[in-house]
1. Which whole-angstrom value gives the distance between the alpha carbon centres of the stretch 60-86 and the stretch 14-52?
2. Suppose only helical runs count, i.e. DSSP H with n ≥ 4. What mean residue ellipticity at 222 nm does that imply for the chain under -39500 (n - 2.57) per run, divided by all residues and rounded to the nearest 500 deg cm²/dmol?
3. To the nearest 10 square angstrom, how much accessible area does D62 have with a 1.4 angstrom probe?
4. Magnitude of the Cβ-charge dipole of the stretch 5-137, K/R +1 and D/E -1, about the Cα centre, nearest 20 debye?
5. Which aspartates and glutamates have a Cα lying under 13 Å from the Cα of K41, excluding residues fewer than 8 positions away in the same chain?
6. Aspartates and glutamates near K44 by alpha-carbon distance under 15 Å, same-chain residues fewer than 8 away left out - which ones?
7. Of all the Cα-Cα pairs you can form in the stretch 4-57, what percent are over 19 Å apart?
8. Rg and Dmax of the stretch 5-137 over Cα atoms: what are they, in angstrom?
Amino acid sequence: MAGRITLTMIKPDAVAKNATGDILRMINEAGFRIAAMKLTKLSKEQAEQFYAVHRERPFYNDLVAFMSSGPIVAAILEKDNAVEDFRKLIGATNPADAAEGSIRRKHAENIERNAVHGSDSDENAAIEAAFHFSQLERF
Ligand code: GDP
């Protein structure tokens, strides 16, 4: 059965250009409930840990530098079929391929500075939610 939570990060590019409010509006209007949320900043070590699965990829160092370059908004989102539905809402990794109406189509700059993160599986959603939030920070 599909899980009910996913983890998002509004990335440093989107926070820096004040797109946080519009992205949260799109998330709420798509039927997600915010179960936890914070403005925070990843250290280089935290970004390395979060993206460890991409360690061997050519863009890993750039991605880590970008994700630790400024504040982000991390949130746990709740909805039936949360992971899949949120991946649809954010659109493809490369904004040039992202569907009309998706968050990345509207707010992403390029394949790296692509405005938002969304978990890619229920298992990773649970791991990523625990990375950012204790049980006491979830409502
Ligand atoms: P996602 O699940 O759509 O976020 O995509 P991935 O898990 O494949 O990649 C993680 C993140 O790495 C993406 O959201 C981008 O910020 C970045 N990224 C992915 N592919 C590339 C690439 O080809 N070049 C660069 N510079 N960054 C990339």
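The values are calculated or read from the model by the stated rules, or taken from the named source; none is laboratory data. Source: prediction; values computed, not measured. Cβ coordinates were reconstructed from backbone atoms using ideal geometry, including for glycine residues, and neighbour counts include every protein chain displayed. Heads up: the accessible areas ignore ligands, DNA and RNA and are worked out on the full protein's heavy atoms, side chains in. Shrake-Rupley method; radii C 1.70, N 1.55, O 1.52, S 1.80 Å.
1. The distance from the Cα centre of the stretch 60-86 to that of the stretch 14-52 comes to 6 Å.
2. Here the helix-only value at 222 nm equals -10500 deg cm²/dmol.
3. Number for this one is 90 Å².
4. So the dipole magnitude of the stretch 5-137 works out to roughly 420 debye.
5. Correct list for K41: D13.
6. Correct list for K44: D62.
7. 41
8. 13.6, 39
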